[in-house]
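This report concerns only the one structure given below.
Values quoted throughout were computed directly from the atomic coordinates according to the rules given, and no laboratory measurement underlies them. All figures in this text were calculated on a predicted structure; none of them were measured in a lab. Cβ sites come from the backbone with ideal geometry, for glycine too, and all protein chains shown count toward neighbours.
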Amino acid sequence: MSFRQRHWRHAGWLGLVVFTGFALYLTTWRSALGPLLPAAQDVHEFGGIIYGAAVVGWSGRFYPWPGRRASGAPGFTQFGWFLIAGLLVTGVGLLVGPSLTRAIATVGHAAFAATLVIWVVWHLLASRPRVAPAMRDRVAKPGIPRRALLRWLGGAAVAVPLVAATPSLLGMVGGRLVGAAGGTNGGAKPGFVPYTVVNGFPRVDLTTWRLTLEGLGTTRRWTWEEWQRESVQHLTVNFRCVTGWVVPDVRFSGVNLEAWLVHHGWDPIQHPWVNFYSADGVYTESLNAAQIHQHQPILATIMDGQALPVAQGFPMRLYVPRMYGYKAIKWLDRVQVSSREQIGFWEQRGYPENAYYGSYTGI
Ligand SMILES: Nc1nc2c(c(=O)[nH]1)N[C@H]1C(S)=C(S)[C@@H](COP(=O)(O)O)O[C@H]1N2
Ligand SMILES: [Mo]
């Protein structure tokens with residue numbers, strides 16, 4: 001394969017995987033993609049594994065490792081190989097590992113990804129075409145060398161999104177570490193570890209907040225004021241995260257999900273799935289009709305007699321009795337009845353859909 005062909009091949013694969021990677025991890029991109037998100041995830045996972053395996057495994061043919069580089073200069077491309085190997089290992093860890101592995105893999109994957117993007121920019125800017133000097137003189141033309149121009153444009157195309165993305169990437173990594181360490185708890189009730197999968201806790205303004213109900217013919221929306229007219233029930237529970245912490249005797253108050261849906265015409269035979277979306281633009285959950293009927297989840301707005309703290313989902317979160325905390329989606333603002341399941345954020349990452357206490361033993 002020629003030098004040029006090999007570079008185009010890498011550019012294509014990397015473009016695909018890096019682009020879908022950003023789409024999965026940056027909140028703004030995720031919300032923009034909406035229903036295309038699962039497809040982006042498939043492309044990222046399959047594409048990443050195929051490309052990573054090609055680079056790492058068939059190194060001699062696909063990637064010049066070790067030391068097969070045409071110019072003979074060692075070190076440079078080997079570092080690229082190492083980064084892609086790191087992405088492959090952490091990526092697979094993220095997909096299939098138990099939760100502790102996944103937490104570490106998430107941080108590693110983000111770090112390798114950021115370094116790889118920097119490496120690609122460096123590679124575009126710093127490497128020289130491998131043409132013999134005599135040859136270069138012969139092909140040289142007056143004016144701006146086209147190769148140099150292209151290289152700078154390519155570098156800018158990669159550097160601009162990287163710079164834009166860096167705060168979110170760092171925030172994402174930092175946010176997980178804070179959550180995992182259980183240090184600051186963002187104004188949450190003692191005992192809780194307030195998680196977020198985006199950069200920080202979304203601040204919802206009640207004057208613009210709407211709860212949207214989709215899938216029953218016309219889309220309906222409730223303002224905060226309208227929502228106050230719904231009748232409320234109370235529930236005292238032990239709040240339990242799949243990672244092991246429990247907060248006993250938490251009193252949630254809110255609207256009964258099943259009664260509310262049925263009142264607005266829900267037919268569980270026609271629409272056996274209810275999907276939930278967060279104002280953070282990323283987190284999702286879903287329940288089927290049987291789970292809803294059996295456990296009577298509530299759309300909670302009050303916890304221990306007070307509005308939910310910002311870190312714990314203000315103004316609304318789901319609570320599902322007898323199921324792990326990951327079902328309790330925070331900053332809930334959209335409920336959708338559907339014939340299809342929008343598989344939840346953590347369920348996509350391997351946690352059980354039937355999230356009963358004791359159902360997960362992967363730690
Ligand atoms: N939007 C959103 N909801 C979420 C999460 C999240 O990261 N984002 N984490 C879930 C998990 S895994 C748990 S254990 C609980 C944690 O609830 P807390 O933040 O009130 O401690 O929220 C759940 N709901
Ligand atoms: Mo959790």
*Computed lengthening from R6 to Q294, 0.36 nm per intervening residue step minus Cα-Cα distance*: 98.0 nm
*Apply the Karplus parameterisation 6.51 cos²θ - 1.76 cosθ + 1.60, with θ equal to phi minus 60°, to every residue of region 41-46 and state each ³J(HN,Hα) to the nearest whole Hz, in sequence, with x for glycine and proline.*
5, 4, 4, 5, 6, 5
*Going by average Cβ neighbours within 10 Å, how do the peptides 341-348, 84-91 rank, with the highest at the top?*
84-91, 341-348
*Rounded if a/c under 1.5, otherwise prolate or oblate - region 198-351, Cα gyration tensor axes*: rounded
*Once fully extended, how much extra length lies between N238 and A126, figured as 0.36 nm per residue of separation less the alpha-carbon to alpha-carbon distance?*
34.6 nm
*Which loop chymotrypsin sites (Phe, Trp or Tyr not before Pro) in region 190-287, with loop taken from DSSP, have no more than 14 other Cβ atoms within 10 angstrom of their Cβ?*
W245
